[in-house]
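These notes are about the structure you will find just below.
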Amino acid sequence: MQFAYANNSATVKADALLVPVYEGGKGLNEYGFGAKLGKAFKKGDFEGKAGSTLMLHKNDGVAAERVFLIGLGKKDKTGAQHLGEAIAAFFRGGSVNGYKLKHIAVALDLFKSVTGGETGRWVAEGALLGDYHFDVLFSKKDKKKHHASKLTLAGGKDAELKKGVAYGEVTAHYVAHARDLVNEPSNRINPATLAKFAQDMAKKVPGLKCTILHKPQIEKLKMGAFLGVNAGSDIPAHLIVLEWNGGKKGDKPIAYVGKGLTFDSGGYDIKPAAGMLGMKMDMGGGAATICALGAIGKLKLKVNAVGVVPATENLINGKAYHPGSVLTSMSGQTIEIGNTDAEGRLALCDALTYTQQKFKPRAIVDMATLTGAQVVALGGKVVGLMSNDDKLAKNIETAFSNVGEEVWRLPLPDFYDKQLDSSIADMSNIGGNPGTVTAGLFLQRFIDKGQKWAHLDIAGPAMNDGEGWRLWSGKSATGAPVRSLVELAEKF
Ligand code: BES
Ligand code: MN
Ligand code: ZN
């Protein structure tokens with residue numbers, strides 16, 4: 001999709017002009033041609049509800065072939081978030097394909113009070129992410145989505161608009177990559193191909209360094225927990241490391257660490273069929289980490305950032321780790337395996353130790369599709385946050401809220417930590433209920449004293465199993481929380 005700019009929304013010769021309006025027609029008068037469109041409201045054909053659209057053909061005072069009123073919903077948020085979401089809803093709806101729209105314009109008259117940077121970013125992200133569709137695996141052309149080729153931002157004027165669009169194009173591009181990686185089945189994205197993706201991605205971003213640690217190096221580092229998970233797989237473990245040095249030399253980086261389980265069968269504690277189906281998404285944290293680093297580099301953010309992804313499958317063969325096995329982690333701490341399906345924390349704990357030793361980060365944020373309990377507690381739209389630092393937690397909450405992603409903080413109380421104790425090793429890899437919190441407490445045992453750290457459980461939000469929502473499409477990977485990670489790296 002190519003972006004273009006025009007001063008006057010009424011005179012753009014497009015196949016369709018999108019006219020954003022709040023509930024009850026609020027805002028319609030901001031458009032020069034608005035009064036003539038008002039009858040749709042009076043007749044009750046259109047109420048302006050979020051995500052709704054009404055097509056009006058050949059309108060007086062408008063050069064575009066069609067007008068689509070697009071509903072912004074109630075004016076309950078500031079900024080241009082409503083606009084981005086309304087545009088996303090339009091692009092994932094049937095109209096672009098139904099009318100084979102090629103050139104779409106969006107009237108921005110209503111958003112003149114919002115900065116151009118913010119408006120441009122929301123328009124680009126809304127259009128590109130609403131337009132996203134994973135269709136590379138269909139062999140027939142008619143299953144592929146029709147995409148509009150041009151989007152004109154009209155009536156916005158602000159010089160900052162272009163900068164915002166350029167920013168949003170980058171973030172949307174990397175969110176789309178993260179979605180692709182999660183949507184791709186595990187016979188196509190495995191630890192080796194995930195590592196190859198990261199390398200190829202880094203080649204396209206000048207200054208972004210990608211190092212792949214192969215199994216012999218992982219063995220040398222004594223990552224016994226990570227290797228325990230990998231033992232049952234024919235594909236060797238890969239540790240993917242990305243480094244972006246856009247900040248001052250010597251400034252400690254912010255570190256992102258993402259779970260990269262390209263498939264999780266559960267191991268000998270095997271998952272039931274319904275639970276195993278879909279476990280191609282168990283690298284959602286890793287995908288977010290890789291793609292956030294890609295976006296941070298492409299945007300040339302003035303920060304130092306690293307991304308670390310332990311990539312493996314969790315499978316079963318004669319070499320696989322057993323329930324009851326005891327593994328020695330890179331930290332030296334020993335772990336009794338109470339359940340081979342609690343594998344993500346084992347891959348992560350060694351990645352956390354490595355990241356702290358190697359990079360001495362100013363903060364670590366790990367993200368993982370870690371527990372089914374997160375889905376029970378917070379569902380598919382709200383990420384679970386745990387942290388040992390209130391300020392970091394607040395910054396994460398602000399970053400999420402700035403980009404319209406949702407997060408909720410859970411506690412890490414000492415009294416649940418005891419549940420991880422084992423009678424024969426330093427700890428067990430399971431700690432009972434509350435499962436999301438005991439998983440967080442397990443990871444915390446690998447965090448050095450004084451190290452600022454936060455953990456994001458994205459088990460639900462990695463994959464949208466519902467209808468379209470905000471910038472997400474239905475029943476498809478979301479790319480969460482890539483945009484929040486970019487925002488966090490930039491602002492904090
Ligand atoms: N990858 C799963 C968690 C998961 C479940 C992600 C559902 C997305 C949707 C994780 O490895 C896992 O199996 N966790 C277990 C831990 C338990 C054995 C302590 C779980 O949550 O059941
Ligand atoms: Mn598991
Ligand atoms: Zn898993």
Could you tell me which of rounded, prolate or oblate describes segment 189-491, using a ≥ b ≥ c as the square roots of the eigenvalues of the alpha-carbon gyration tensor, with rounded for a/c under 1.5 and, failing that, prolate when a/b is larger than b/c and oblate otherwise?
rounded
Prolate/oblate/rounded call for segment 164-270, Cα gyration tensor, a/c under 1.5 rounded
oblate
How large is the accessible surface of ILE189 in square angstrom, using a 1.4 angstrom probe and rounding to the nearest 10?
20
What distance in nm separates the simple spin-label points at ASP45 and PHE492, each placed 7 Å from Cα in the Cβ direction?
4.8
Between the alpha-carbon centers of segment 157-222 and segment 352-372, tell me the distance in whole angstrom.
18
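Using 0.36 nm per residue, how much length does the chain from LYS102 to LYS75 gain when fully extended, once their Cα-Cα distance is taken away?
Numbers: separation 27, 0.36 × 27 = 9.72 nm, distance 3.01 nm.
Difference between extended and current length: 6.7 nm.
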Putting +1 on Lys and Arg Cβ atoms and -1 on Asp and Glu Cβ atoms, find which of VAL67, VAL170, GLY120 reaches farthest to the positive end of the dipole of segment 2-172.
VAL67
Taking the 0 to 90 degree range and rounding to the nearest ten, how far is the long axis of helix 191-203 tilted relative to the main principal axis of the chain, both from C-alpha atoms?
50
So if we plug the beta-carbon distance of MET1 and LYS26 into 1/(1 + (r/R0)^6) with R0 = 30 Å, what FRET efficiency do we get, rounded to 0.05?
0.55
Calculate the dipole size of segment 189-491 relative to its Cα centre from +1 charges on Lys and Arg beta carbons and -1 charges on Asp and Glu beta carbons; express the result in debye to the nearest 20.
1320
Non-local residues with an amide H under 5 Å from the amide H of THR340, with H modelled 1.01 Å from N and Pro and chain starts lacking one, are ASP269
Longest principal axis of the chain (C-alpha) makes with the long axis of helix 116-131 (C-alpha) an angle, in degrees to the nearest 10, of 80
Approximate spin-label separation LYS449-LYS319, in nm, with each point projected 7 Å along Cα-to-Cβ
3.9
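In nm, what is the difference between 0.36 nm times the number of residues separating ASP390 and LYS249 and their Cα-Cα distance? Working shown, then result.
Numbers: separation 141, 0.36 × 141 = 50.76 nm, distance 2.71 nm.
My answer for the length gained is 48.0 nm.
Could you please state how large a percent of the accessible area of the chain is carbon and sulfur, counting protein chains only and using a 1.4 Å probe? Provide the component values of the computation, followed by the final result.
Details: 10470 of 20070 Å².
Its accessible area is 52 percent carbon and sulfur atoms.
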Using only Cα atoms, tell me the angle between helix 344-359 and the longest principal axis of the chain; keep it within 0 to 90° and round to the nearest 10.
90
Kindly report the accessible area of the chain per residue (heavy atoms of protein chains, probe 1.4 Å, no ligands, DNA or RNA), in Å².
41
Classify segment 344-423: rounded, prolate or oblate, from the alpha-carbon gyration tensor (a ≥ b ≥ c, eigenvalue square roots; a/c under 1.5 rounded; otherwise prolate if a/b is larger than b/c)?
oblate
Restricting to DSSP loop positions (anything but H, G, I, E, B) with no more than 10 other Cβ atoms inside 10 Å of their own Cβ, which trypsin sites (Lys or Arg not before Pro) remain in segment 34-143?
LYS43, LYS58, LYS100, LYS140
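Could you list, in their original order, any pairs among LYS74/LYS144; LYS77/LYS491; LYS77/LYS143 whose Cα atoms are separated by more than 26 Å? Show your work: numbers first, answer last.
Details: LYS74/LYS144 34 Å; LYS77/LYS491 21 Å; LYS77/LYS143 37 Å.
As for pairs spanning more than 26 Å Cα to Cα, those are LYS74/LYS144; LYS77/LYS143.
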Residue (of GLY286, GLY431, TRP469) at the positive-pole extreme of the chain, dipole from beta-carbon charges:
TRP469
Nothing charged except the Cβ atoms of Lys and Arg (+1) and of Asp and Glu (-1): what's the magnitude of the dipole of segment 180-232 about its Cα centre? Round to the nearest 20 debye.
220
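The values are calculated or read from the model by the stated rules, or taken from the named source; none is laboratory data. Being a predicted model, the structure only gives us computed values, none of them experimental. Quick reminder, even Gly has a Cβ in these numbers, built from the backbone with ideal geometry, and neighbours come from all protein chains shown. For the accessible areas, the whole protein counts, side chains as well, though only heavy atoms, and no ligand, DNA or RNA atoms are used. Shrake-Rupley method; radii C 1.70, N 1.55, O 1.52, S 1.80 Å.
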